[in-house]
Amino acid sequence: MRIALFITCLNDAMFPKAGIATVTLLERLGHQVHFPQEQTCCGQMHANSGYAVAARQLEQLTSSVFGGADAIVSPSGSCVAHLRAHTALPVYELSELLVDVLGVTEVGARFAHRVTYHPTCHGLRLLRLGDKPLRLLRAVEGLELVELPDADQCCGFGGTFALKNSGVSGAMLDDKCANAAETGAEYLAAADNSCLAHIGGGLARRPGAPKPIHYAEILAS
Amino acid sequence: MTGSAQPRRVVALGMPRHATGPLAAPITAPEPFADAAARKLKDTQLRANLGHATRTIRDKRAAVVAEVDDWEALRDRAAAVKDDVIARLPELLARFASAATAAGATVHHAADAQQANDIVLGLVQAEQADRVVKVKSMTTQEIGLNEVLEAAGIAAIETDLAELIVQLAHDKPSHILVPAIHYNRSQIRDLFALRMPGFAADSDDPAQLAGAARRYLREQFLSAQVGVCGANFAVAETGSLVIVESEGNGRMCLTLPRTLIAVVGIEKLVPHMADLGDFLRLLPRSSTGERMNPYTSIFTGVTPGDGPQQLHIVLLDNGRGAVAADPVGKQALRCIRCSACLNVCPVYERVGGHAYGSVYPGPIGAILSPQLTGQQAGHNRSLPYASTLCGACYDVCPVKINIPEILVHLRQTGPKPLAERQLMSALSWVMRDRRRWKAALRAARAGSAPLRLMTRRRGHTLRRAPWPLSAWTAHRDAPLPAQESFRDWWRRTHE
């Protein structure tokens, strides 16, 4: 299957590994990935920060760049949720593409580590990903999946919330990091690098806490 | 003032008409949410009380909602009934007023808080009463009725236990359903010992505390001439009011005084008595986590020789008409004040209700307060930002108010700081063209190269950054731009 990749602005600039892993994984499964160069940002950040005009422009740009694609994959739950709500694009979060469209849960990965998973809010409540990412992770050879206490609680990122209400965001982050540390996992995986940048930034200040990782990187290993 | 619907003054969203005067205070934040929240975060006792209480109610709610097979269908039906009401407000108000009048009630229309307070004060003064007993009512909190009555020398006695606690403490409610959620029982015992006449209890055992309050309140019920209540529902076809409460204090106030005054928001209407069934299933499970509500009072007009012989119903707009005219925001008027959204909100759980600066706190308050007052009032414009948009509130709302959608809508229509507007505009200009985007990626990479070197041993995360990014690094390390962007990797490997 020919699959278009929407990398997202954040992954492009800061976390290319999630995109590289997505490409590596899909190619390994025998699919052809293409990357439309005109893409930049879906508009979510502007929309949720209150900038409707800029958001509409970026949504339209993304719509025209990906117009005609049969399937678009993106390693970001919140960007997929935004595009699904505001465009007609056939866009899938990675676990949706793998499990629902391609019908795969066993992706041939090996990752011999103790891992816990944080289901990000937009993946959980907007996309209703359910246990799709967990089914993929459980099928990874050598991986020990441990449950994250209060997993469904928001990590406190919330885009500009992390800056505008920095203290409340920090209090929520403290609880998330404490729960993650309690699992004894080596890695905390998630399907969204925006939340992971925030959680990872908190975990970096706790010696011995799990390291943040995008779950695509585990599936591609 | 009886019978036919009078023209309601409409308060346009964004109009600062509620911005001034003491009457605006109950639903107008006096300071930015972030400032109030930062102060509340330091109160570790508050956080412990709230964390314990919200988790308990949250778990209780989840358990009893899971028992109902047709919960989603119930939510859909209730939302549809309320949407119909919002679309036909003038018609249903007129129907309610004529049915209630025919049953012996006197119906008043109040465009705003001041009109409502004037009406109620006039009625109480006409009775020559020096005090009123009150059923717990968010609407009278919204208009600041107690303060108005007290300024006129009339004691307004709250008879709901938690409201009484808040009143004795000269405090403000911090939760819609559990207004004293920020107190624990030893704090309550100390308060009762200090302020409750005739208080005698030797421990902070909840039964003893409740017993003391019961003895105190009984005297009030038996001697008050005027009762004041709100309403959970107002049935248009019959002119009936419905009050849902847990302690029986409401029934005392509704039956013992000679005169009863109900202050009712116009969105409380339901068209038919039969509509109540769904709401009375949704409300207790969502609010207290109970399967059924203990005391549900439905009363219509006046019955000679039985109960109050005068019933006054004050139908309050106070910004609701304007909210009903907002295509995105009008769904907020479906709210039945259950407070399920407060109990699941991670922001509310950490800062409590007072941080919202309004009697409507939590997710519903973050939309409703600025919607009712307009965003120019006080610091209500900061409230739509008091959320991560995590969506937990929308999931539990029994009438399916899409609170995150309204939060975003208010952000998009509200005022924003100039520097932020300029930054966001520059960013969108860069992002609208891939060459500009590529150039920006290159510049960010080059600019951060020395930092990458410095933070090598920490895995390339920055511990301290200058303002405004210091707001980020105050609580977490900041990531640095990647050494090679994704698109550069793609070009290197795939083209």
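Each value in this text was obtained by applying a stated rule to the coordinates, not by laboratory testing. Since the structure is predicted, the reported quantities are computational estimates derived from the model, not experimental observations. Every residue, glycine among them, receives a Cβ derived from its backbone with ideal geometry; neighbour counts consider all protein chains shown.
Work out, step by step, the length gained on full extension between B:Glu72 and B:Arg492: first 0.36 nm times the residue separation, then minus their alpha carbon distance; give nm to one decimal.
Stretched out fully, the B:Glu72 to B:Arg492 stretch lengthens by 146.1 nm.
What lysines could a cross-link reach from B:Lys40, if we take a straight Cα to Cα line under 23 Å and drop same-chain neighbours fewer than 8 places away?
A:Lys164, A:Lys176, B:Lys172
Could you work out the mean count of beta carbons from other protein chains within 10 Å of each residue's beta carbon in A:151-162?
Shielding by partners across A:151-162 averages 5.
Could I get the Rg over Rh figure for segment B:285-400? Both from C-alpha atoms, Rh via Kirkwood, rounded to two places.
Rg/Rh: 1.05.
Report relative contact order for segment B:434-494 in percent, whole number only (criteria: Cα-Cα under 8 Å, sequence separation at least 6).
29 percent.
Pull out a ≥ b ≥ c, the square roots of the eigenvalues of the alpha-carbon gyration tensor of segment A:114-219, then state rounded if a/c is under 1.5, prolate if not and a/b is larger than b/c, and oblate in the remaining case.
Cα axes put segment A:114-219 in the oblate bin.
With a point put 7 Å past each Cα toward its Cβ, work out how far B:Ala102 is from B:Thr44 in nm, to one decimal.
Rounded to a tenth, the inter-label distance reads 6.4 nm.
Of the beta bridges DSSP finds with both residues in the protein assembly as shown, what % are antiparallel, to the nearest 5?
Close to 20 percent.
Could you calculate the FRET efficiency of A:Glu38 with B:Glu127 from 1/(1 + (r/R0)^6), where r is the beta carbon distance between them and R0 is 60 Å, rounded to 0.05?
0.25
Going by how many other Cβ atoms sit within 10 Å of their own, how do A:Ser166, B:Ser246, B:Ser387 line up, fewest first?
So the residues, fewest neighbours to most, are B:Ser246, A:Ser166, B:Ser387.
To the nearest 20 debye, what charge dipole does chain B have about its Cα centre, counting +1 at the Cβ of each Lys and Arg and -1 at the Cβ of each Asp and Glu?
Charge dipole, chain B, about its Cα centre: 2980 debye, nearest 20.
From largest to smallest, what semi-axes in whole angstrom does segment B:434-494 give when each is the square root of 5 times an eigenvalue of its alpha carbon gyration tensor?
Semi-axes, largest first: 24, 14, 9 Å.
Quick one: grab Rg to one decimal and Dmax as a whole number for segment B:105-214, Cα atoms only, in Å.
Final numbers for Rg and Dmax: 15.6, 48 Å.
I'd like the FRET efficiency for B:Ala443 and B:Asp84, computed as 1/(1 + (r/R0)^6) with the beta carbon distance as r and R0 of 56 Å, rounded to 0.05.
The formula returns an efficiency of 0.50 here.
How do B:Met273, A:Met1 rank when sorted from fewest to most other Cβ atoms within 10 Å of their own Cβ?
Fewest-to-most ranking of B:Met273, A:Met1: A:Met1, B:Met273.
Mind pulling up the Rg/Rh value for segment A:2-101? Radius of gyration and Kirkwood radius, both on Cα.
In segment A:2-101, Rg relative to Rh is 0.95.
Averaging the inverse of every distinct alpha carbon separation and then flipping it gives the Kirkwood radius. What is it for segment A:36-150, in angstrom units?
Computed over Cα pairs of segment A:36-150, the Kirkwood hydrodynamic radius comes out at 15.5 Å.
Based on the alpha carbon coordinates of the protein assembly as shown, what radius of gyration and maximum Cα-Cα distance (Dmax) apply, in Å?
When restricted to Cα atoms, the protein assembly as shown yields Rg and Dmax of 27.8, 91 Å.
So what are the three principal axis dimensions of chain B from its Cα atoms, in whole Å, longest to shortest?
Dimensions of chain B along the principal axes of its Cα atoms: 90, 56, 49 Å.
Tell me the label-point distance for the pair A:Ala139, A:Arg84, using the 7 Å Cα-to-Cβ offset, in nm and rounded to one decimal.
A separation of 1.9 nm, rounded to one decimal place.
What does the charge count near A:Gly184 come to, summing +1 for each Lys or Arg and -1 for each Asp or Glu among other residues with Cβ under 12 Å from its Cβ?
Surrounding charge for A:Gly184 is -3.
Let me test this: with uniform point scatterers at the alpha carbons of chain A, what is the Debye-based log₁₀ I(q)/I(0) at q = 0.08, 0.09, 0.12 1/Å?
Taking Cα atoms of chain A as identical point scatterers yields -0.26, -0.34, -0.61.
Rounded to the nearest 0.05, what FRET efficiency is calculated for B:Met292 and B:Glu484 with R0 set to 45 Å and r the Cβ-Cβ distance?
0.10
By counting other Cβ atoms within 10 Å of each Cβ, how are B:Leu383, B:Leu74 ranked from fewest to most?
Listed from fewest to most nearby Cβ atoms, that is B:Leu74, B:Leu383.
Can you pull a Stokes-Einstein diffusion coefficient for segment B:396-479 at 10 °C (1.306 mPa s), Rh from Kirkwood over Cα pairs, as a whole number of µm²/s?
Once the numbers are plugged in, D ends up at 98 µm²/s.
For the residue pair A:Arg110 and B:Ala94, what label-to-label distance in nm results when each label sits 7 Å from Cα along the Cα-to-beta-carbon direction?
Reported label-point gap for A:Arg110 and B:Ala94 is 7.9 nm.
Please pull out the direction-averaged projected area of segment B:394-434, using the convex hull of its alpha-carbon atoms, in nm² to one decimal place.
Result: a mean projected hull area of 4.4 nm².
With a 10 Å cut-off between alpha carbons and a GNM built on chain A, which of A:Ala88, A:Ala178, A:Ala162 moves the most?
For chain A, modelled as a Gaussian network with Cα springs under 10 Å, the answer is A:Ala88.
Provide the gained length on full extension for the span B:Arg456 to B:Asp190, in nm with one decimal, where the gain is 0.36 nm per separating residue minus the Cα-Cα distance.
Length difference between fully extended and current span is 90.2 nm.
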